[in-house]
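I have placed the structure first, in the form of structure tokens, so that the comments after it can refer back to it.
The values are calculated or read from the model by the stated rules, or taken from the named source; none is laboratory data. In this text, all values refer to a predicted model and were calculated from it rather than measured experimentally. Because the Cβ atoms are built from the backbone with ideal geometry, glycine has one as well, and the counts that use them run over all protein chains shown.
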Amino acid sequence: TPILATANGRGPAGVAGQVLHGGGANANSANRWFDKSLQFIVGGDGTCGVVYDPAVIDGALVAEMADHALQFWSGAG
């Protein structure tokens with residue numbers, strides 16, 4: 001799978017592009033489901049994030065799920 005390459009490397013702009021829209025047609029946008037209310041993004045380069053629709057899901061609930069997932073993956077849960 002393609003990795004989003006930017007001039008700045010994996011800086012804030014590269015991570016934001018990867019998580020929000022996959023980086024466009026030449027990168028990872030083909031594996032984004034833009035009509036879904038909740039997406040967990042895990043990139044091949046270690047970039048990860050959560051994208052959600054705040055009109056459907058409460059932000060506190062999404063934060064709790066993300067915290068739980070990070071604790072589980074780190075072995076602390």
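What residue, among those in segment 30-62 that are surrounded by 14 or more Cβ atoms within 10 Å (Cβ to Cβ) and of a type in the set (Ser, Thr, Tyr), is farthest from residue 19 (Cα to Cα)? If we take residues in segment 30-62 being surrounded by 14 or more Cβ atoms within 10 Å (Cβ to Cβ) and of a type in the set (Ser, Thr, Tyr), then 52 is farthest from residue 19 (Cα to Cα). Of the listed requirements (1) modelled with pLDDT under 80; (2) surrounded by 12 or more Cβ atoms within 10 Å (Cβ to Cβ); (3) out of contact with any helix residue (DSSP H, G or I) (no Cβ under 9 Å at 6 or more places or on another chain); (4) not aliphatic (A, V, I, L, M), residue 17 misses just one: (1).
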